[in-house]
Amino acid sequence: MRKCWIIYNPVSGKKKFQDNLEIVKHRIRQLGYQISVKPTERARHAVELVKEACVEKIDMLLVSGGDGTVNEVINGLAESSFKPKIAYIPSGTACDIAKSLGIPKNITKALKIIENDHNVYMDIVKSSHGYFMYVTAIGNYVDISYVTQSKLKKIFGYGAYLFTGVKEFFTIPMIKTEIQYEQGKLKGYYSLMLVVNSKRVAGFNIINKPVLDDGKVDIVVYRYLPLLNNLIYFISFFFSPKWLPGVTKVQTNYAKIYTEHHRKWNIDGEAADSGNQEILVKPQQVNIIINQKKADKYFKNQPKKEKNYDY
């Protein structure tokens with residue numbers, strides 16, 4: 001019998017997943033899986049659990065939590081020769097990864113996607129601060145996800161991020177940066193820099209038509225323009241124009257980002273160290289079940305037969 005480990009964050013969101021755990025177990029058993037339940041007990045615990053699952057060659061990991069939980073799962077399996085299939089039921093506050101992949105927070109609807117079993121092989125990115133699935137960023141507003149108090153997130157949900165964002169409206173950073181990438185170099189003073197492997201970041205559409213299995217990421221940089229930066233953010237985040245003054249977008253599979261700014265990097269919604277950043281895209285490394293409609297839109301380079309990870 002195939003084996004499935006359910007790895008979930010018991011304090012994520014409003015604990016709805018834990019309240020519906022028996023329903024989830026029943027539905028997954030009906031798919032022919034033998035189940036083991038593994039709630040996380042501390043930070044980085046999911047990394048340890050996933051590494052163990054890879055060693056034991058567990059067939060599927062059903063993961064529930066926010067973007068930080070998914071990031072831990074990715075870091076647990078990234079360097080393993082055997083990678084279990086990933087199913088995801090989002091239960092965090094923002095859940096940008098889930099929204100980009102068309103996976104709803106509604107548990108019944110998410111289970112239906114898992115039952116449909118439309119899986120794709122998605123790129124991930126190796127960085128100086130570990131692996132990430134959808135974004136690493138530095139600059140204005142990127143620390144909101146981890147400086148916002150958990151108590152506020154439980155009460156106000158996504159609205160709590162907006163409250164915190166108001167505080168940063170008047171504190172635009174000026175980050176001296178040089179970016180060396182596959183086809184050139186960017187240099188200047190920026191207020192915000194994003195390395196994106198997704199459509200959405202922080203609830204906003206950043207990349208109009210991303211391709212998530214092409215071995216490349218989008219680097220989006222916002223030049224430091226006093227008095228204009230918040231207006232540029234607003235237009236960029238809410239209207240997603242193809243071109244906007246002060247905003248540069250490039251695609252690459254590799255980059256070195258040099259900055260001595262004290263601000264910390266955000267990696268999939270969690271805080272990382274400040275300083276220089278080096279990134280390398282690892283193509284089609286994660287086998288994940290997603291909404292078929294999103295698969296048709298964002299995955300253009302899928303293998304025609306089962307991928308062999310023994311390399």
(request) Report the far tail of the P(r) of the stretch 68-115, meaning the percent of Cα-Cα pairs longer than 16 Å. (result) 43 percent
(request) Return one number: the angle in degrees, 0 to 90 and rounded to the nearest 10, between the long axis of the Cα atoms of helix 67-77 and the longest principal axis of the Cα atoms of the chain. (result) 70 degrees
(request) Calculate how steeply helix 107-116 sits against the longest principal axis of the alpha-carbon atoms of the chain, using the helix alpha-carbon long axis, and give the answer as 0 to 90 degrees to the nearest 10. (result) 70 degrees
(request) Pull out a ≥ b ≥ c, the square roots of the eigenvalues of the alpha-carbon gyration tensor of the stretch 2-117, then state rounded if a/c is under 1.5, prolate if not and a/b is larger than b/c, and oblate in the remaining case. (result) rounded
(message) Straight-line reach only, C-alpha to C-alpha below 18 angstrom: list the lysines that K25 could link to, leaving out same-chain residues fewer than 8 apart.
(response) K3, K15, K16, K38, K85, K105, K109, K112
(request) Label the stretch 204-311 by shape, choosing from rounded, prolate and oblate, from the square roots a ≥ b ≥ c of the eigenvalues of the Cα gyration tensor; if a/c is under 1.5 it is rounded, and otherwise prolate applies when a/b is larger than b/c, oblate when it is not. (result) oblate
(request) Select from the stretch 9-62 those trypsin sites (Lys or Arg not before Pro) which occupy a DSSP coil region and have at most 15 other Cβ atoms within 10 Å, ordered by residue number. (result) K14, K15, R42, R44, K57
(request) DSSP loop (so not H, G, I, E, B), at most 13 other Cβ within 10 Å: list which GluC sites (Glu not before Pro) in the stretch 1-64 pass both filters. (result) E41, E56
(message) For the stretch 230-245 and the stretch 268-306, what is the centre-to-centre distance using only Cα atoms, to the nearest Å?
(response) 25 Å
(request) Could you pull out every residue, at least 5 positions away or on a different chain, whose amide H is within less than 5 Å of the one on T93? Hs are placed 1.01 Å off N in the peptide plane, and Pro or chain starts have none. (result) G13, D67
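Determine the shape class of the stretch 170-231: with a ≥ b ≥ c the square roots of the Cα gyration tensor eigenvalues, call it rounded for a/c under 1.5, and otherwise prolate if a/b is greater than b/c, oblate otherwise.
It is oblate, given that a/c is not under 1.5 and a/b is not larger than b/c.
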(message) If I take every Cα pair under 8 Å that is 6 or more residues apart in the chain, average their sequence separation and divide by the length, what percent do I get for the relative contact order?
(response) 22 percent
(request) Please report how far the C-alpha centroid of the stretch 20-46 lies from that of the stretch 55-87, rounded to the nearest whole angstrom. (result) 13 Å
(message) Can you tell me which aspartates and glutamates have their Cα less than 20 Å from the Cα of K57? Leave out same-chain residues fewer than eight positions away.
(response) E48, E72, E79, D117, E306, D310
(message) Just to confirm the number: angle between the C-alpha axis of helix 45-55 and the first principal axis of the chain, 0 to 90 degrees, nearest 10?
(response) 50 degrees
(request) Please list, or write none, the lysines whose alpha carbon is within less than 23 Å of the alpha carbon of K185, excluding same-chain residues fewer than 8 places away. (result) K126, K176, K216, K242, K249, K256, K264, K282
(request) Can you tell me the FRET efficiency between D117 and K14 if r is taken as the Cβ-Cβ distance and R0 is 35 Å, rounded to the nearest 0.05? (result) 0.80
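Quick note: the coordinates plus some simple rules give every number you see, no bench work behind them. Fair warning: this is a prediction, and the values are worked out from it, not measured in the lab. Heads up, the Cβs are rebuilt from the backbone with ideal geometry, glycines too, and the neighbour counts pull from every protein chain shown.
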